Amino acid sequence: MVLDGGLIVASSILFWAISPVRPRPLTGLQAATTGIVIAILFVWGMRWAGAYRIERYGRFWRSSADLPRACLPALAAAAMILRAFAEGAWEQPSWLEAWAVLIFGTLLVGRQVLRLTLRIVDRRALLRRRVVVGTGPTSEEIAADVVVPLEKTGFRPQIAPPVGFIDAPILQVMHRPFKGSQGPIKIMEDYVVAITALLLVGPIMLLAALALRLEGNGPILFRQARVGFNSKPFMMYKFRTMTVDRNDDGSLGTYRNIQRITPVGKFLRRTSIDELPQLINVLRGEMSVIGPRPHVANMLVGEGGYTDIVRQYAAWHRIKPGITGWAQINGMRGSIDSLAKAGRGADLDLYYIANRSLRLDLEILIRKVMAGLVGRV
């Protein structure tokens with residue numbers, strides 16, 4: 001990804017610098033910016049298609065066939081941007097065509113160089129892993145004594161896959177959800193989205209604070225202890241939506257206290273504006289924009305505690321809790337007032353933890369903005 005992005009930007013700048021056309025249809029800054037846009041769209045398209053998997057570099061034609069599927073849409077999008085913001089560039093279409101050909105040719109050469117490099121790496125077995133594949137008495141014994149019973153106490157194999165250690169098979173019960181570059185990308189995603197959102201919804205938050213102040217009945221912000229990353233408690237911020245009750249510890253949830261919701265609070269809850277102060281928690285490093293919702297540690301569901309009923313709860317603490325998540329866009333909004341709803345929420349959150357990716361985060365964010373802002377009780 002880094003190689004492809006760098007080649008696109010570098011070839012764009014180089015083409016502008018050595019082009020004999022005078023005057024050039026774009027400035028140097030415009031050419032570099034367009035190159036960056038093309039690079040982002042191309043890398044995104046390649047990742048979406050799974051073109052960066054190592055098996056896609058096996059043969060010349062297979063590795064080359066992946067390029068047009070991402071390059072053509074990226075170039076088309078860049079062309080539309082230039083049409084909207086730099087119409088003068090279209091006065092010399094041959095110049096743009098030569099630029100596109102250079103980008104594609106550079107990517108083709110770069111991918112083949114990387115393909116040959118990976119062949120050398122593969123011959124030295126630098127990327128190989130030891131795995132156990134097959135059937136027989138040993139595998140049947142593992143399935144009967146380990147996997148099947150765990151799948152019956154609520155265990156999720158996708159969270160804890162079997163692995164090998166030295167010469168013995170073991171069952172890995174926990175691993176890092178974000179490996180390699182995924183961790184820094186997740187952090188960048190949180191800060192970029194949180195800062196952008198605060199700039200966009202700042203006026204809405206000021207109006208909400210003013211409405212709550214005029215309504216009276218308590219403070220503007222509501223703070224409540226929640227359990228976060230590595231089971232570390234933190235204070236989560238929300239706009240206050242209910243009248244103040246000093247004896248409410250959060251264990252009963254919102255459903256049983258629905259009579260305390262104020263008129264302004266009802267509107268804030270239905271539009272999810274009450275959740276916006278959690279962007280501050282994101283900037284403080286306590287939450288993510290996308291992730292499992294943090295629940296009150298002592299919350300009651302049915303006749304027992306939520307953490308006792310949903311045994312998988314501990315897995316949630318392996319990543320930061322989020323303002324919204326996979327469970328929320330799949331119907332898990334509002335209070336958790338039944339064991340069935342608690343179990344479904346846990347399953348959806350565990351699915352997110354096992355399958356977290358930038359693409360899944362983007363899907364959740366788009367669905368939240370487009371269709372999930374209204375309707376919460």
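Put in order of Cβ neighbour count within 10 Å, fewest first, the listed residues LYS320, LYS266 become LYS266, LYS320.
As a rough footprinting exposure proxy, the listed residues LEU127, LEU350, LEU362 were ranked by other beta carbons within 10 Å of their own, and the order from fewest upward is LEU127, LEU362, LEU350.
Using the Cα centre as the reference, give the magnitude of the dipole from point charges on the C-beta atoms of the stretch 2-123 (Lys, Arg: +1; Asp, Glu: -1; all else neutral), rounded to the nearest 20 debye. Present the calculation step by step, with values, prior to reporting the outcome.
Details: 13 positive and 7 negative charges, 100 e Å.
Here the stretch 2-123 has a charge dipole of around 480 debye.
For the peptides 44-53, 26-35, the ranking by packing is 26-35, 44-53, with the highest mean count of neighbouring Cβ atoms within 10 Å listed first. With a ≥ b ≥ c taken as the square roots of the eigenvalues of the C-alpha gyration tensor of the stretch 2-123, please select rounded if a/c is under 1.5 and otherwise prolate if a/b is larger than b/c or oblate if it is not? The shape class here is prolate.
Since every read-out is calculated from the coordinates, none of them should be taken as a lab result. Values in this document were obtained by computation on a predicted structure and should not be read as measured data. For neighbour counting, all protein chains shown are included, and Cβ atoms are generated from backbone atoms with ideal geometry for every residue, glycine included.
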